[in-house]
Amino acid sequence: MHVTSEQRLDDGVIEREFTLGDIPGTLWLPESASASAPAPLILMAHNNGLPKSDARLVGRGRFSAARGYAVVTIDATGCGDRPRTAAAQQARADLRRALQNGEPVDAIFESLVGPLVANAAPDWLTTLDATLALPEIGHRVGYSGWTALGIRLASTDPRIAAAGFFAGGYVPRAQREEARRVTIPLLLLLQWDDEGNPRQRALDMFDSFGSKEKTLHANLGGHLGTPWFESEDVDRFYGRHLK
């Protein structure tokens, strides 16, 4: 891990920008983290391949770091400002056109999100390996954010002990099948009136998980309307399972 910059923020958080080969990332650390008092780690991924600099993701990362967690996020392959394949660009154009014309979009989503998850997962596992090698990082790992990617990681890597998913965004067929193999504690946040994500599909997804401990928080409002107090509930969820 090559650190390209480091700064101390006014909320008691250290922010490090880094690269892992061609993977750019950000690590937020509480000032208290050390080799003798390592912080549990949260992998924080944004839905739909948005950049790691997205304001909502940065806010979530700093919020969790200020409460004692190390938080890492990256621009994985095909995400953020990293190059996108011609197939992905065509799928995005097809999706925009289908939405404008009121046409079915599931097949287009499958062609876009399926490869995005498959290509992003190896970068996240590389990041997990490198981050856990740091002396100030503890061995307890959580995941937060993009549901489809989180299912892939949680179903294949036993180091992830708990996950918080946003019940929005298309989940490819492969991840819908993998959800049955996810058995760790889960917290799903659902916006009841999410204009881009069918409610029933999110409820069916919740039923699919194999976890014996899984909680669904549903709130009124659209995609960007998650209430502020859910951040506190998410913090308590990770506190139960990572600390």
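Some observations on this one:
- Summing charges over neighbours of GLY225, with a neighbour being any other residue whose Cβ is under 13 Å away from its Cβ, gives -3 when K and R count +1 and D and E count -1.
- Counting only residues at least eight positions apart within a chain, or on another chain, the lysines with an alpha carbon under 26 Å from that of LYS52 are LYS243.
- Note on ALA118 and LEU220: the model spin-label points, each 7 Å out from Cα along the C-beta direction, lie 4.3 nm apart.
- Per-residue ³J(HN,Hα) for the range 152-168, Karplus 6.51 cos²θ - 1.76 cosθ + 1.60, θ = phi - 60°, Hz, x for Gly and Pro: 4, 5, 5, 7, 10, 10, x, 6, 7, 9, 7, 9, x, 10, 8, 7, x
- One Cα centroid belongs to the range 18-94, the other to the range 185-238; the line between them spans 21 Å.
- Cα-based shape type of the range 155-232, given that a ≥ b ≥ c are square roots of the gyration tensor eigenvalues and the cut on a/c is 1.5: oblate
- Between ILE42 and ALA70, VAL71, VAL72, GLY142, the built amide H atoms are under 5 Å apart, and every one of these is 5 or more places off in sequence or on another chain.
- Between GLN90 and ARG173, the FRET efficiency from the beta-carbon distance, with R0 = 30 Å, is close to 0.90.
- Karplus-derived 3J(HN,Hα) values for the range 139-151, using 6.51 cos²θ - 1.76 cosθ + 1.60 with θ = phi - 60°, are 8, 7, 10, x, 10, 9, x, 3, 4, 4, 5, x, 4 Hz; glycine and proline are entered as x.
- Proximal charge balance of GLY169 [Cβ under 12 Å; K/R count +1, D/E count -1]: 0
- Computed E for ALA133/GLU232 - FRET, C-beta separation, R0 30 angstrom, nearest 0.05: 0.45
- Rounded to 5, percent antiparallel among DSSP beta bridges of the chain: 40 percent
- Helices in the chain, meaning DSSP H runs of at least 4 residues, each add -39500 (n - 2.57). Divided by all residues, the mean residue ellipticity at 222 nm is -12500 deg cm²/dmol.
- Relative packing of 154-161, 171-178, 82-89, which averages over residues the other C-beta atoms within 10 Å, highest first: 171-178, 154-161, 82-89
- In the chain, the convex hull through the Cα atoms has an average projected area of 12.4 nm², a quarter of its surface area.
- Distances between placed amide hydrogens fall under 5 Å for LYS214 paired with LEU186, all partners being 5 or more residues away or on another chain.
- If you take all other residues with their beta carbon under 14 Å from the beta carbon of ARG181, and give Lys and Arg +1 and Asp and Glu -1, the sum is +2.
- For the range 55-63, 3J(HN,Hα) per residue [Karplus equation, 6.51 cos²θ - 1.76 cosθ + 1.60, θ = phi - 60°, Hz, x = Gly/Pro]: 4, 5, 5, 4, x, 5, x, 5, 4
Read-outs: derived from the displayed coordinates by stated rules, not from any lab. On a predicted model such as this, the values are computed, not experimentally measured, just so you know. Because the Cβ atoms are built from the backbone with ideal geometry, glycine has one as well, and the counts that use them run over all protein chains shown.
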